[in-house]
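Data block below; observations after.
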Amino acid sequence: MTAPLLEADALVRLYSTRRGLFGRPTTVQAVDGVSLAIEKGRTLGLVGESGSGKSTTGRLVLGLERPDGGRVRYRGVDLPAPGSRDWRRLRARMQMVFQDPLGALDRRLPIALQVREPLDVHGVGSASERAARTAELLAAVGLGVHQGQRYPHELSGGQRQRAVIARALATGPDLLVCDEPVSALDVSIQAQVVNLLVDLQAQFGLGMLFISHDLKVVRQVSHRVAVMYLGRIVEEGEADAVFAAPAHPYTAALVSASPHPARRGRPRIILAGDPPNPAARPAGCAFHPRCPVAASVCRVESPALLPLPGGRHVACHLAQDGAQPLRAAV
Amino acid sequence: MLRFLLLRSGRALLTVALVVTFAFVVLRLSGDPALLIMSVDAPPEAIAAFRRAWGLDDPIWQQYLRYFGAIAQGELGQSMRDGRPAIELVAERIPATLALTLPALLIKLGLGIPAGIYAALHRDSAVDRLVMVAAVAGFTVPSFVLGLVLVLVFSVQLGWLPSGGQDGWLHAVLPTMTLGIGGAAVLARFTRSAMLEVLGQPYMRTASAKGLPWRRAVLSHALPNAAIPTVTIVGFMVGSLIAGAVVVESVFSWPGVGRLLVVAVSNRDLAVVQCILLLVAVTMVTANFVVDLMYGLLDPRLRSGAKGGH
Amino acid sequence: MHRNQEAPLVEIRGLTVDFDGVRALHGIDLAIARGEAVGIVGESGCGKSVTWLAALGLLPARARVSGSVRLQGRELLGVPPAVLDEVRGRRIAMIFQDPASALNPVIRLGRQVGEALALHRGLGGAAIRAEARRLFELVGIPDASRRLDAYPHELSGGQNQRVMIAMALAGNPDLLVADEPTTALDATIQAQILDLLTLVRRETGMALVLISHDLGVIAETSDRVCVMYAGRMVEAGPAEAVFDEPLHPYAQGLLAALPPLDGPRRRLDPIPGTVPPPGNLPPGCSFAPRCPRRVPACDHVVPALSEKVPGWAAACIRAHGPAMADRRAVGA
């Protein structure tokens, strides 16, 4: 196996927040030692609930934010400092797609001009070549020439997200970070965009980091998947295998809580308690206050992310002997 | 909370200091008080003596430090005109000004807030349009124009009310109305938009969905929320009780603080001008401070922090 | 399913809503029986929320509503506000999508719940507080008595939705309308709230209308399902039947577009095109331009919602009762 396209090693990101007018600032560990690798032509799904640090991880990976610890390597080389010339050049190779396409597009410009803009900025080819490439990009995402002449507000949500994707592809990137790219879209349109992303990956050999709270969508597009909880990866492995047989009790609960018409009537694992507060991280395993199978060791010792057979990694004291703790418990 | 109070007090003092400095700089740059007060024809020795007496020939930074030091000790200086303490001159004018601005404030609150609420509740009705037109007029028509119009109508045409001077309460009616109507229009507009914002909030729908009669939903759910932005503008109005009547007092030749300020500025009577500016700054800053405390009372989101919860 | 056995609790007939001259809802017929759980599913703008906001008189004044909404035979449309206030919260309660903004930010939670108790149960003073506390405990709010004095921003989204549910239960309603109650919440919290709604329904015997864009959420909580598209109801039937073998091509399309959570991965089958804007619907069936089973007749008439199998209706001239359905004995 060749070196991965992108490797993140023990990323840490701290935020300082103040609560209320009179509060004192506290430091929040938004991302706490996350390591991951994205390979060419493959997708890593990143799932987790709000406050899990998945979006921050996405921004760290692209160098949009500077980590407080750890490093990111692109094709084996450390990511240059954000804002530097080298970083900007590299950014043409790594693009991001956000949840809200309307916010990502300029309301005053027709779509085609916006797709073409990165080509102009990076001075790709002659003017006529750029025009041809723009049409090609629009076609690749399923937009016609006449739609290219429209303004963002004249398009539907799905069409806008296609335009954003076309623009992201303009510079021929080999890495795409998608942060909840279909979450704002209706079901019927979601499927169109999901299929598009899968097709584009096959066509251009893109490596993808796909961040979403929606397990169904993540499974559909991902080869591997990493589950985050309070800034850490608690489980990582082959997407189908992780969802079919979760090893971490949190993953098991997440999968079980994911509603799907095909699974109605099945017993669900209902976790007690609120989503965790990153500013008040529990001692030991961060998940233990909500974990239905927590043992005494979980309250004091933080589990490391360790390999299981079958290329899986799990951070759970009870999963280390190869058992699936929650399955046994249910 | 203590930290908050200290922080705010510190900021308030700094604001006052900046105003004082600003007044000092502007007045020193804009003309020589000695020449103005002694008149240009005065013998040079007399002017030099005047300068020496008032310390005007010291380097400007010494004058500034001396002035600042005096203020810090509560010493606001004497009028260069008649040598009386500036504070005395100002203080004896305050009642006259308040005699205009306090009733005007009541008009603003009593007319502006209900009009704004009514307009918001009856959006696009005739009353709403009237309030909006009046509010735009209140924003755009300067108070001296409004004052002159009122004089034209009620004094010149109808002859009902006196057009100026201070001789019984009848004389206060027109200036008070001039101040009050303009402010009421401004306040109505603010209140209306604050109410409209609140009425569109999901919690108002919740209040209706649980069976709360609309009138009660407005009273107990909308008003407390709409009060939060409205307090800002009311605070500003309270803060301008002392100095908000400069123009109107001039139009109606009302012997208040505003008139004193105009006269003192044209005479370069430094101590008096500075004294008034300081007074204005202090009332403004105090009003602001009270507004901030009101926010804390009205909006629990601002005073949490210290508490637990999520 | 006790649809035809007794008079419905709520009966909506020919409900239409127009916003500024544009029709958003094109004549909805829907009956809710006592104690049943009905899911209403559809994409944004299909009219699923508007139906119930209109029924309860909660739409802004510029909305023109016509048709009929009856609560146990008593008409609710066009009645004086005082009559509606007797119904809202007491007979029919409603909760909303974003609990943080649906609760008043400057009023203590206990008072917000207490208002409903005072209105509908005639309680006062200490009795209100005791009952509010009981409700908080019922909906699983930890440390209930302290939370009564809290403000919405001091609680998480899930806890605030529990408060909303407690408030809805204050009047002992016969029907709870939950409009996207879990859309703003995380997955594990969504599971808690859906579980709570099911539990509360079982304990109180009230009917539940759950409005959601999420087919999975509807499938887990509903006995009966209504699918809406472009301001019309296109399919209504028993949840199991509709999710197993939907009759209407739109319902079929929705299910085919949904990625599976287990089993082999398959390429998704998206519905082509987009939902037509309310002001510019096609002349015949609104779904026809996107429909794989379209025939020329679809462009001429708007198909009525008609029963294809007893208790199972679809608005499609091409839909017939499925082969499987007769054997399964729908509604049994």
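Where a number appears in this text, it was derived from the coordinates with a stated rule and is not lab data. What you see is a predicted model; the values in this text were computed from it and never measured. Virtual Cβ from ideal backbone geometry, glycine too; neighbours counted across all protein chains shown.
Points worth noting:
- Alpha-carbon centroid distance for the pair the range A:18-91 / the range B:82-125, whole angstrom: 55 Å
- Other-chain or far-sequence residues with amide H under 5 Å of C:ILE95's (modelled H): C:VAL177, C:ALA178, C:ASP179
- Per residue, the convex hull volume that the Cα atoms of the range B:94-255 enclose (Å³): 115 Å³
- Sparse-neighbour loop sites [trypsin sites (Lys or Arg not before Pro); the range B:215-310; at most 14 other C-beta within 10 Å; DSSP]: B:LYS307
- In nm, spacing of pseudo-spin labels at A:SER84 and A:PHE204 (7 Å Cα→C-beta vector): 2.6 nm
- In terms of surrounding Cβ atoms within a 10 Å radius of their Cβ, C:VAL69, B:VAL280 rank from fewest to most as B:VAL280, C:VAL69.
- For residues of C:30-37, the mean tally of beta carbons on other chains within 10 Å: 0
- Under 5 Å, built H, 5+ apart or other chain: amide partners of A:ARG75: A:LEU6, A:GLU7
- Over the range B:222-310, all Cα pairs binned in 5 Å intervals from 0 give whole-percent P(r) values of 3, 13, 17, 16, 13, 10, 8, 7, 6, 3, 2, 1, 0, listed from short to long.
- Under-5 Å amide H pairs with A:LEU308, H placed in peptide plane, nonlocal only: A:HIS313, A:VAL314
- Low-density loop positions, trypsin sites (Lys or Arg not before Pro), the range C:248-298 - DSSP coil, at most 15 other Cβ in 10 Å: C:ARG265, C:ARG266, C:ARG267, C:ARG293
- Taking θ as phi - 60° and the Karplus parameters 6.51, -1.76 and 1.60, the scalar couplings of the range A:30-44 work out to 5, 10, 10, x, 8, 10, 7, 9, 10, 9, 4, x, 10, 10, 9 Hz in sequence order, x denoting glycine and proline.
- For the protein assembly as shown, the 222 nm mean residue ellipticity estimated from helices alone, with every DSSP H stretch of n ≥ 4 adding -39500 (n - 2.57) and the total spread over all residues, rounds to -13500 deg cm²/dmol.
- Computed FRET value (nearest 0.05) for A:ALA304 with C:ASN280, which takes r as the C-beta separation and R₀ as 60 Å: 0.55
- Candidate aspartates and glutamates - alpha carbon under 12 Å from A:LYS40, same-chain residues fewer than 8 apart omitted: A:GLU7, A:ASP174
- Residue order for B:ASP82, C:ASP174, C:ASP29, fewest other beta carbons within 10 angstrom first, comes to B:ASP82, C:ASP29, C:ASP174.
- 3J(HN,Hα) couplings calculated from phi for the range C:146-155 with the Karplus curve 6.51 cos²θ - 1.76 cosθ + 1.60 (θ = phi - 60°) are, in sequence order, 6, 5, 4, 9, 8, 9, x, 5, 8, 10 Hz; Gly and Pro show x.
- Zero-based 10 Å bins, Cα pair distances in the protein assembly as shown, whole percents: 2, 9, 15, 18, 18, 15, 10, 7, 4, 1, 0, 0, 0
- Our analysis of chain B gives Rg over Rh at 1.07, with the two radii drawn from alpha carbon positions and Rh computed by the Kirkwood formula.
- Using the Cα coordinates of chain A, the gyration tensor eigenvalues translate into equivalent-ellipsoid semi-axes of 36, 22, 19 Å, sorted from longest to shortest.
- Taking a ≥ b ≥ c as the square roots of the eigenvalues of the alpha carbon gyration tensor, the range A:74-220 is oblate, as a/c is not under 1.5 and a/b does not beat b/c.
- Restriction of the trypsin sites (Lys or Arg not before Pro) in the range C:1-94 to DSSP coil positions whose beta-carbon has at most 12 other beta-carbons within 10 angstrom yields C:ARG62.
- Whole-percent pair-distance distribution, where bins are 5 Å wide, for the alpha carbons of the range B:2-91: 2, 11, 16, 22, 19, 12, 7, 4, 3, 2, 1, 0
- In plain terms, the residue of C:LYS308, B:LYS210 with the fewest other Cβ atoms within 10 Å comes first and the most crowded comes last, giving C:LYS308, B:LYS210.
- Gyration tensor verdict on the range C:137-198 (Cα atoms; rounded if a/c is under 1.5, prolate if a/b is larger than b/c, oblate otherwise): oblate
- For chain C, the convex hull spanned by the alpha carbon atoms encloses 146 Å³ per residue.
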